[in-house]
Ligand SMILES: [Fe+2]
């Protein structure tokens, strides 16, 4: 018998994440602590080759109304733009390799400034709220991350079946 933490599939993981997010205010610390050790659902290994061929994220599964689970490969020497995720929170766990995670903020005059820099390795987790701009870049041979987002970014619409 499986308990409430069973996450054999991506959808089970997403249902558990949605429940954790609903438990109270400021869900990011709870989601980050949980995602750090949650067993990887079976779809992750299957999606890995395609994720590593892409220069963008690969959505794996999405619940209607969120959240969404995906993989993202960060090659070395190719930093992302300064970005957010369509006004939603996110939590990411490094599965393989190393990368740099920077947070950025927009100043009153509209210019962007870097606020923090952190280097991540396997098992490290970062969480960002809706307002936190960030940049990521693979280090060494690059990094593969498991990414949980509050909602499916508009640019990935149609790339994954949205489940009820
Ligand atoms: Fe991001």
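The values are calculated or read from the model by the stated rules, or taken from the named source; none is laboratory data. Since this is a predicted model, take the numbers as computed values, not measurements. Cβ coordinates were reconstructed from backbone atoms using ideal geometry, including for glycine residues, and neighbour counts include every protein chain displayed.
Residues being at pLDDT 95 or above, farther than 22 Å from residue 47 by Cβ and out of contact with any helix residue (DSSP H, G or I) (no Cβ under 8 Å at 6 or more places or on another chain) are represented in region 118-127 by at least one member. Inspection of region 29-44 identifies at least one residue that is under 20 Å from residue 133 (Cα atoms) and buried (at least 19 other Cβ atoms within 10 Å of the Cβ). Within region 76-119, the residues that satisfy the criterion of being in contact (Cβ under 8 Å) with a residue 40 or more places away in the chain and away from the ligand (no atom under 15 Å from the Cβ) are 76, 77, 95, 96, 97, 98.
Taken residue by residue, region 55-78 has no member that is assigned to a helix (DSSP H, G or I) and closer than 17 Å to residue 125 by Cβ.
Residue count for region 86-106, restricted to those that are out of contact with any helix residue (DSSP H, G or I) (no Cβ under 8 Å at 6 or more places or on another chain), surrounded by 20 or more Cβ atoms within 10 Å (Cβ to Cβ) and part of a loop (DSSP other than H, G, I, E, B): 0. Scanning region 62-85 for residues that are under 24 Å from residue 162 (Cβ atoms) and buried (at least 19 other Cβ atoms within 10 Å of the Cβ) yields 62, 63, 67, 68, 69, 70, 71, 72, 73, 85. Give region 107-136 a look and list any residue that's surrounded by 17 or more Cβ atoms within 10 Å (Cβ to Cβ) and more than 17 Å from residue 70 (Cα to Cα), or say none. Of everything in region 107-136, those that are surrounded by 17 or more Cβ atoms within 10 Å (Cβ to Cβ) and more than 17 Å from residue 70 (Cα to Cα) turn out to be 120, 132, 133, 134, 135. If only residues of region 130-164 that are in contact with a helix residue (DSSP H, G or I) (Cβ under 7 Å, 6 or more places away or on another chain) and more than 12 Å from the ligand (Cβ to nearest atom) are counted, the one that is nearest to residue 27 (Cα to Cα) is 146.
Just checking, does region 7-15 include any residue being under 16 Å from the mean Cα position of the chain (by Cα) and part of a loop (DSSP other than H, G, I, E, B)? Taking every residue of region 7-15 in turn, none turns out to be under 16 Å from the mean Cα position of the chain (by Cα) and part of a loop (DSSP other than H, G, I, E, B).
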